[in-house]
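Following: one structure in structure tokens, then a few remarks.
The values are calculated or read from the model by the stated rules, or taken from the named source; none is laboratory data. Bear in mind that the values here come from a model prediction, so they are computed numbers and not experimental data. Backbone-built Cβ (ideal geometry, glycine too); neighbour counts: all protein chains shown. Protein only, heavy atoms only, side chains kept; ligands, DNA and RNA dropped before computing areas. Shrake-Rupley method; radii C 1.70, N 1.55, O 1.52, S 1.80 Å.
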Amino acid sequence: MSNFDHLSIHIPKSHYPRVVIVGGGFGGLKLSRMLVKEKFQVVLMDRNNYHVFQPLLYQVATAGLEADAIAGPMRKLIKEYDNFFFRMLRVLKVDVESKKVSTKVGDISYDYLILANGAKTNFFGNDQIMKNAFPLKQLSHALDLRSHLLQNFEKAVLSNERAYVESLLNVVVVGGGPTGVEVAGALAELKGHVLPKDYPELNFRQMNIYLIEGTDRLLNGMSQNSGDKAHYYLDGLMVNVITGKFVQSYENNVVKLNDDTEIHTQTLIWAAGVMGSIIDGIPKELVEKSRILVNEFNQVNGFENFYAIGDVACMKSEKFPKGHPMVAPVAIQQAEHLVKNLKLQMQGKEMLGFDYTNKGSMATIGRNRAVVDLPGDIKFTGLFAWAVWMFVHLMSIVGFKNKFIIFINWLWNYFTYDRGNRLIVRFFNPTLKDYEENQSDLYTDNDE
Ligand SMILES: Cc1cc2nc3c(=O)[nH]c(=O)nc-3n(C[C@H](O)[C@H](O)[C@H](O)COP(=O)(O)OP(=O)(O)OC[C@H]3O[C@@H](n4cnc5c(N)ncnc54)[C@H](O)[C@@H]3O)c2cc1C
């Protein structure tokens, strides 16, 4: 008898059609919150019991915010609806023929299936880097990284061996997109304002922060102006920005670039890209570059009642021949649009094609420094851009309490130059990086 034999998903029968939503991220949460108000039975399944605001993961990793401030419990975010059921389970398999999804504790059938299970870190097939580097995609990753960095400083205090201390202090960030730029900027601020006070015994001139980007400039998805400005800001923060170079290997605490440059570090942060997270059972011909091909209604090609939205979906159009960018507004807008279409479909009416409204993009590189690109070729940088960045992120976070806590934290950090969440509570040991396997496999992923 397996450990799970006494468990099952337990969803009562309903006279409403059952919509199973996989993933309570930006797309899945929005969809669930809207669909529960309609005549559907909504079953939301997520491997975590919380929704996480990924754009601020880097602040958790660099001690700027506490983990709970950027997440919200799923059961609290959607409550008091008799037609809503949340199950904290990892979906393992989709069976499109018999219309059911499988988990470790059993199957559940659906009338409508909507995959909103997002993306995972793309290590581009390099197992060695996957094993040794730190991804930044989930809340647990951010907490692992924070603990690892702080443990390294504690270890550095205990050693007199210069090369060893340098490898503990050095940090290499890979990927010059918004995440890489933001994490490098935040680390530089830690180094400048916080760490020298916490560790007066250490010489932080020995700490080098590198940002490695394979193409010839930073922030490739944004304007040249914003990329150049981000580079300029990072130079000012003494981050070593290296463009046009790739990380080839990382073992024995040595990062090797494709020009044979070697950097000694015990911390490699991998922010070089994500790929759609494909659940078993989805026919191969429906997947392209790790994303599920959908039509303009988010219907998975060839299916009436099977949809995918957000990062995992690839909707090709004239404007977006390779599919939409993997960003939160796409997932949210597709969720909103799909609710309208499901209602039309129920009424036997024609569905409407999705049209993405791009509201712009932005990145911050520490206090008073940010870059913003808005539609209509409007670009601005500096203090005003930073204020806009903070306002937009604050407004996008779920829950008033989280908004309030983050606002107070940012205010405090601004005036005191502090980043107060520096407790080592996980005792993260890189050799146990597969610790997730030790947790119940009802929920967790062996991949990233
Ligand atoms: C560090 C970082 C910073 C970012 N910054 C920005 C930014 O500034 N602006 C922006 O617009 N976008 C940003 N993004 C991208 C943005 O977060 C994604 O585009 C967005 O989250 C996609 O939404 P989604 O609903 O498709 O997936 P997600 O929000 O990723 O949600 C997927 C959900 O599915 C669950 N799940 C996955 N697999 C399973 C399974 N098998 N079974 C059950 N549950 C499962 C996950 O637990 C998760 O809750 C950032 C991403 C990262 C990682």
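Values computed for the structure shown
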{"item": "Verdict on Asp82 being assigned to a loop (DSSP other than H, G, I, E, B), open to solvent by 20 Å² or more (accessible area, probe 1.4 Å), farther than 21 Å from Val330 by Cβ and not assigned by TED's automatic domain parsing to the domain that holds Gly281", "result": "yes"}
{"item": "Of all residues making up the range 195-234, the number that are within 23 Å of Val255 (Cα to Cα), polar (S, T, N, Q) and open to solvent by less than 20 Å² (accessible area, probe 1.4 Å)", "result": "0"}
{"item": "Verdict on Arg87 being surrounded by fewer than 18 Cβ atoms within 10 Å (Cβ to Cβ) and at pLDDT 95 or above", "result": "no"}
{"item": "Residues (among the charged types (D, E, K, R) and more than 11 Å from the ligand (Cβ to nearest atom)) located in the range 71-91", "result": "Arg75, Lys76, Lys79, Glu80, Asp82"}
{"item": "Hits in the range 11-24 (condition: more than 20 Å from Val94 (Cβ to Cβ) and not polar (S, T, N, Q))", "result": "Pro12, Lys13, His15, Tyr16"}
{"item": "Enumeration of residues in the range 57-70 that are within 11 Å of the ligand (Cβ to nearest atom) and of a type outside the set (A, V, I, L, M)", "result": "Tyr58, Gln59"}
{"item": "Number of the exception - Leu113 against (1) aliphatic (A, V, I, L, M); (2) surrounded by 20 or more Cβ atoms within 10 Å (Cβ to Cβ); (3) within 30 Å of Leu187 (Cβ to Cβ)", "result": "(3)"}
{"item": "Tally of residues being crowded, with 18+ Cβ neighbours inside 10 Å and either in contact with a helix residue (DSSP H, G or I) (Cβ under 9 Å, 6 or more places away or on another chain) or of a type in the set (Gly, Ala, Ser) (or both) across the range 121-139", "result": "10"}
{"item": "Every residue from the range 261-294 that is of a type in the set (Lys, Arg) and within 24 Å of the chain's Cα centre (by Cα)", "result": "Lys289, Arg291"}
{"item": "Residues of the range 351-367 that turn out to be under 17 Å from Asn341 (Cβ atoms) and free of Cβ contacts under 8 Å to residues at least 40 places away in the same chain, as a count", "result": "3"}
{"item": "Any strands (runs of 3 or more DSSP E) falling wholly within the range 1-56 and containing at least 1 residues that are more than 7 Å from the ligand (Cβ to nearest atom) and of a type in the set (A, V, I, L, M)", "result": "18-22, 41-46"}
{"item": "Cross-chain or 6+ apart pairs with Cβ under 6 Å, the range 124-140 first and within 21 Å of Ser290 (Cα to Cα) and near the ligand (Cβ under 10 Å from one of its atoms), then modelled with pLDDT of 95 or more and assigned to a loop (DSSP other than H, G, I, E, B)", "result": "Leu136/Ala271"}
